[in-house]
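Structure first, commentary second.
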Amino acid sequence: MSLWHETRGTGPDLVLLHGWGLNSGIWGDFSDRLAERYRVTLIDLPGLGRSAPAGDMSLGSVVGALFEAAPEQAHWVGWSLGGQLALACAEQAPEQVKSLSLIAANPCFVAREDWPCAMASDVFNVFVESLAYNEAKTLQRFAALQTRGSASARDELKRLKGVMATAEPQALASALMLLESDLRSALATLNCPAQLILGAEDQLVPVGLAKQVQALNPKLKVNVLAQSAHLPFISHADEALNMLNALVRQVDGADAAG
């Protein structure tokens with residue numbers, strides 16, 4: 001499995017992983033601003049954007065492909081599905097993940113009896129079923145859920161639709177199944193400095209998750225952004241950048257992030 005990736009900027013290495021149904025273009029200006037002080041590696045997930053679909057879409061295979069595209073050591077930033085994958089990478093090869101910033105991500109995206117702060121399983125199953133017969137409508141509905149409640153919902157929806165239109169996503173169903181991964185044990189045993197950035201209005205990753213993840217890993221720092229939904233790196237870019245920079249400084253030293 002070979003993944004499309006590109007690297008821009010200079011400084012400490014930083015990896016960006018996007019969410020389901022999109023490609024790395026969703027990072028937009030946020031990645032440009034990061035590239036002013038970091039060596040940023042953008043990766044398109046398999047079957048999405050410019051990465052070819054893969055026959056084996058198991059979590060282990062995808063993680064292996066991500067490591068092939070990423071620098072040997074880096075700070076990892078994952079949004080939504082990308083956050084789950086970044087967490088899986090940190091579990092598999094902790095020596096390669098210097099820090100972990102999870103944005104609107106849930107270690108267990110689909111609710112379970114002992115994990116209620118997640119997407120209800122029946123809602124998730126509707127997405128899976130609707131994808132089979134109406135891909136475009138499913139993506140549009142997913143985009144609407146991501147922006148609902150945000151102070152900048154209109155701009156976010158426009159950005160999402162623009163990336164969806166140019167990404168020509170393939171293997172959407174296989175990639176969607178990755179969201180069923182349960183990575184709570186990975187979060188509980190995580191040793192690198194890590195933070196979770198949540199939107200207070202997020203309809204996909206409920207803000208009530210904060211208490212549950214901190215119970216799993218008390219060292220995890222959780223930041224909640226008011227009037228933000230599922231895309232805080234768009235609606236609250238300045239705040240999100242400050243949080244990422246602070247974590248890098250914590251790991252690399254006061255001068256590393258400018």
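The values are calculated or read from the model by the stated rules, or taken from the named source; none is laboratory data. It should be emphasised that the depicted structure is a prediction, and the values quoted were computed from it without experimental measurement. Just the protein is used for accessible areas: all its heavy atoms, side chains included, with ligands, DNA and RNA removed. Shrake-Rupley method; radii C 1.70, N 1.55, O 1.52, S 1.80 Å.
Could you tell me what % of all Cα pairs in the range 173-258 have separations over 17 Å?
58 percent
Considering only protein heavy atoms, with the full assembly of protein chains and a 1.4 angstrom probe, order ASP202, ASP155, ASP56 by accessible area, largest first.
Order by accessible area, largest first: ASP155, ASP56, ASP202.
Given the alpha-carbon gyration tensor of the range 1-125, what are the semi-axes of its equivalent ellipsoid in whole angstrom, ordered largest first, with each equal to the square root of 5 times an eigenvalue?
24, 16, 15
Only helices at least 15 Å long along their axis, Cα-based, and averaging 0.0 or more on Kyte-Doolittle count here, so list those DSSP H runs from the chain.
In the chain, the long hydrophobic H runs are 59-69, 81-92, 121-133, 237-252.
Looking only at the chain, where both bridge partners belong to it, what percent of the DSSP beta bridges are antiparallel (to the nearest 5)?
20 percent
How much area per residue is accessible in the range 191-234 when the probe is 1.4 Å and only protein heavy atoms are counted (Å²)?
Per-residue accessible area for the range 191-234 comes out at 41 Å².
Roughly how many whole Å is it from the C-alpha centroid of the range 135-213 to that of the range 16-78?
15 Å
Averaged per residue, what accessible surface does the range 39-102 expose to a 1.4 Å probe, in Å²?
Per residue, the range 39-102 has 29 Å² of solvent-accessible surface.
How would TYR133, TYR38 line up by accessible area, probe 1.4 Å, largest first?
Most to least solvent-accessible, the answer reads TYR133, TYR38.
How large are Rg and Dmax for the range 91-194 when only the alpha carbon atoms are used, in Å?
Over the range 91-194's Cα set, Rg and Dmax evaluate to 15.9, 43 Å.
Excluding same-chain pairs closer than 8 in sequence, count the lysine pairs in the range 112-258 whose Cα atoms lie under 29 Å apart.
4
Taking a cut-off of 36 Å, what percent of all Cα-Cα pairs in the chain are separated by more than that?
4 percent
If the viscosity is 0.890 mPa s and the temperature 25 °C, what Stokes-Einstein diffusion coefficient in µm²/s follows for the range 54-123 when Rh is the Kirkwood radius over Cα pairs?
189 µm²/s
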